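The values are calculated or read from the model by the stated rules, or taken from the named source; none is laboratory data. A quick note: this is a predicted structure, and the numbers were derived from the prediction, not measured. Note that we place each Cβ from the backbone using ideal geometry, even for glycine, and neighbour counts take in every protein chain shown.
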Amino acid sequence: MKKIFYIFYKDFSSELRMRFALNALIMFVVVAVSTILFSLGSESVAPNVYAGMFWVVVFFSAMSGLSRVFVSEEERGTTLILSLIANPVTVFLGKFLFNLVLIFFINSVIALLYMFLFQEFLIQNWNSFLLAYVLGNFGISASSTIIAAIISKANVKGTLYPVLAFPVLLPLILMLIEITKSAMEGNPISDVEAELLVLISYDVVMITASILVFDIIWRD
Amino acid sequence: MKNFWKFLLFVLMTIVIIGTFVPPIVQYPKSFFEFPLIPGLEDKARIIFFHVPTAWLTVLAYLLAMFYGIRYLKRKDMYDDIKSVSAAALGFVFCILATVTGSVWAKFTWGSFWHWDPRETSIFILLLIYGAYFALRSALDSEEKRARLSAIYSIIAFLTTPFFIFIMPRLMIGLHPGSLEIDPATGQVRASSNPVIKFEMAANMRVVFFLSLIAFTILFFWFWNLAHRILKLEHVSQKEI
């Protein structure tokens with residue numbers, strides 16, 4: 001348990017020390033959101049389009065930021081040392097925790113930007129939105145950590161990552177868009193009960209399966 | 001006896017092709033060799049004998065690819081990986097065929113090539129998974145690593161299929177059999193009552209349908225057998241050089 005935290009802390013402090021990745025990620029979010037702003041101009045779009053576009057930006061910023069946990073280890077050549085000092089489950093959970101914190105931070109930035117910049121992006125039912133937000137972050141973090149582990153062994157890491165992650169993340173993203181739409185329309189939380197249950201089951205399935213197969217990826 | 005399966009395949013395929021195109025479609029079928037008329041489908045109903053088997057083989061091929069992938073992870077036998085990749089390659093071909101036959105059918109019965117009906121979404125996802133699988137394979141140099149990581153990816157990607165096959169069609173409105181629909185009178189979402197959507201098939205059509213499933217499955221296994229034997233020979237000859 002302590003080791004998980006140490007691995008998380010190692011990544012966290014090295015990220016804080018040289019904030020390339022974080023700065024680049026924030027700039028990526030700003031650029032993506034302003035692209036949407038420019039493409040919309042002064043037109044007003046139906047509210048549920050914003051729900052879709054919100055998660056599109058979340059997906060692509062996750063795709064540009066979350067693969068670093070394993071890719072950077074591979075680039076620095078520290079994979080072997082890491083596999084000597086900790087067992088695979090610990091490594092996976094430490095990286096998962098780091099990605100979770102990162103995606104929570106980035107998604108909050110995106111959500112705040114959306115609320116400032118788009119008047120139509122008004123959440124009326126905060127309970128269901130926040131629940132979906134938390135569960136969605138867990139799911140995105142779990143899937144992207146395991147795909148990052150696969151991708152770190154491949155040759156073309158950057159382009160392959162969204163290709164591999166998209167089919168895996170799609171059920172999650174579709175459910176999140178449905179819930180966000182319903183939250184923006186102000187429907188009660190009981191309307192999206194089934195979708196929330198799907199999110200929970202997705203998170204449980206992905207985290208469990210990732211822990212089970214990570215061992216095989218990690219040991220060369 | 002050696003050619004038993006090929007002979008059986010020939011007989012079944014002949015029956016399926018004749019059974020698909022020859023029987024007339026009439027309002028009130030009297031003999032066994034006439035298909036009932038389904039309102040809204042008419043002659044277009046015949047494509048079901050090719051569309052459903054291709055979709056079924058897409059899924060079967062994926063399961064085989066995953067099964068042999070897991071077997072590779074257990075036994076580290078390169079021949080298992082060869083079987084896995086040849087099943088995936090064939091599955092990809094059948095996936096394209098299922099998409100094309102489905103979208104042609106959709107054009108002439110529902111009005112446009114693509115509707116984002118839950119089943120269409122799931123075949124599209126399967127197409128993406130197959131594409132990602134081959135993209136991943138081509139990005140890995142070492143043979144052992146390629147076999148291992150692609151097997152793991154097939155497992156991870158398979159975990160999402162229950163959401164598409166069992167959950168989404170029940171949450172979303174669709175056009176395929178077993179989907180929800182909107183009640184025109186009240187505007188409420190309800191279980192489907194349409195004969196096409198409720199999947200009630202006449203007995204004689206059912207015979208052709210299941211024969212077609214069997215015939216295409218035999219065809220698939222024949223293809224697969226040839227494909228993995230060819231790949232194995234290539235593998236062996238590369239080692240010798």
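Contact annotation: residue pairs with Cβ atoms under 9 Å, 6 or more positions apart or on different chains, pairing a residue in region B:76-102 that is on the phi > 0 side of the Ramachandran plot with a partner that is buried (at least 17 other Cβ atoms within 10 Å of the Cβ), are B:Lys76/B:Ala147; B:Lys76/B:Arg148. Looking across region A:181-220, the residues that are without any contact (Cβ under 8 Å) to a residue 60 or more places away in the chain, within 11 Å of chain B (Cβ to nearest Cβ) and of a type in the set (Ser, Thr, Tyr) come down to A:Ser201, A:Thr208. Looking across A:Met53, A:Met27, A:Met63, one residue alone is crowded, with 18+ Cβ neighbours inside 10 Å, closer than 30 Å to A:Asn125 by Cα and free of Cβ contacts under 8 Å to residues at least 40 places away in the same chain. It is A:Met53. Screening A:Gly77 on (1) free of Cβ contacts under 8 Å to residues at least 24 places away in the same chain; (2) surrounded by 16 or more Cβ atoms within 10 Å (Cβ to Cβ) shows it passes everything except condition (2).
Residues to consider are B:Trp114, B:Trp105; find the one that is at pLDDT below 90, in a helix (DSSP H, G or I) and in contact with a helix residue (DSSP H, G or I) (Cβ under 8 Å, 6 or more places away or on another chain). Matching residue, one of B:Trp114, B:Trp105: B:Trp105. Is there a residue being in a helix (DSSP H, G or I), within 24 Å of B:His51 (Cα to Cα), within 7 Å of another protein chain (Cβ to nearest Cβ) and out of contact with any strand residue (DSSP E or B) (no Cβ under 8 Å at 6 or more places or on another chain) anywhere in region B:133-140? No, region B:133-140 contains no residue that is in a helix (DSSP H, G or I), within 24 Å of B:His51 (Cα to Cα), within 7 Å of another protein chain (Cβ to nearest Cβ) and out of contact with any strand residue (DSSP E or B) (no Cβ under 8 Å at 6 or more places or on another chain).
For region A:150-161, give me the residue count where each residue is in contact with a Leu (Cβ under 9 Å, 6 or more places away or on another chain) and part of a helix (DSSP H, G or I). I'd like the intermediate steps shown before the answer.
Start the filter on region A:150-161 by keeping residues that are in contact with a Leu (Cβ under 9 Å, 6 or more places away or on another chain), which leaves A:150-151, A:153-155, A:160-161.
With the extra rule that they be part of a helix (DSSP H, G or I), the set shrinks to A:150-151, A:160-161.
Counting residues in region A:150-161 that are in contact with a Leu (Cβ under 9 Å, 6 or more places away or on another chain) and part of a helix (DSSP H, G or I) gives 4.
Looking only at region B:12-33, residues that are surrounded by 13 or more Cβ atoms within 10 Å (Cβ to Cβ) and in contact (Cβ under 8 Å) with a residue 24 or more places away in the chain come to 8 in all. What about A:Met175, is it in a helix (DSSP H, G or I) and within 13 Å of chain B (Cβ to nearest Cβ)? For A:Met175, the condition - in a helix (DSSP H, G or I) and within 13 Å of chain B (Cβ to nearest Cβ) - is met.
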